[in-house]
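The values are calculated or read from the model by the stated rules, or taken from the named source; none is laboratory data. Not measured: the values here are computed from a predicted model. Cβ atoms come from the backbone with ideal geometry, glycine included; neighbour counts cover every protein chain shown.
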Amino acid sequence: MPLAEAWRSGASGWTTSRRQSFANDLTRPQLIAVTDNVNQAKGDQDPSTWQPPLSSYRCTYSKMWITVKYNWGLSLQSSEKSALQSMLNTCSS
């Protein structure tokens, strides 16, 4: 979860302490080590404009994105929600 995306989704109204807690939260999956190329391609985009290049990882990615948004009380845009639903549809039962 890019910090800019969190900001656009509600973190702008948080206290400095809460924003610092979010940025340093290692208990939820918002900090993922990726290659430099993937990180640059993703930037601060949400799932409506960027999805993992490895299609088999999209199910995992969408679940992690939803977990972070839910646990931190961040909002979802309708385009983001649609993209996440599409990625969730790739999950095996």
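Residues of segment 4-17 being part of a helix (DSSP H, G or I) and surrounded by 13 or more Cβ atoms within 10 Å (Cβ to Cβ), which ones? Residues satisfying the conditions are Ala4, Glu5, Ala6, Trp7, Arg8, Ala11. Scanning segment 62-93 for residues that are among the β-branched types (Val, Ile, Thr) and closer than 19 Å to Leu26 by Cβ, we see that the one that is surrounded by the most Cβ atoms within 10 Å (Cβ to Cβ) is Val68. Selection of segment 61-93 for residues being under 11 Å from the mean Cα position of the chain (by Cα) and assigned to a helix (DSSP H, G or I) yields Tyr61, Ser62, Lys63, Met64, Trp65, Ile66, Thr67, Val68, Lys69, Tyr70, Glu80, Leu84. Is one or more of the residues making up segment 26-36 at pLDDT 90 or above and over 17 Å from Asn71 (Cα atoms)? No, that holds for no residue.
Evaluated against (1) at pLDDT 90 or above; (2) in contact with a Phe, Trp or Tyr (Cβ under 9 Å, 6 or more places away or on another chain); (3) within 19 Å of Ser12 (Cα to Cα), Met87 falls short on exactly one condition, (3). Quick one: in segment 37-54, of everything that is modelled with pLDDT under 90 and among the polar types (S, T, N, Q), which residue is nearest to Gln85 (Cα to Cα)? Of everything passing the filter in segment 37-54, Gln45 is nearest to Gln85 (Cα to Cα). Residue under question is Ala11, and the condition is that it be among the aliphatic types (A, V, I, L, M) and modelled with pLDDT of 95 or more; does it hold? Yes; evaluated as a whole, the condition is true for this residue. Check segment 43-57 and report whether any residue there is assigned to a loop (DSSP other than H, G, I, E, B), surrounded by fewer than 16 Cβ atoms within 10 Å (Cβ to Cβ) and more than 14 Å from the chain's Cα centre (by Cα). The answer is yes; a qualifying residue exists.
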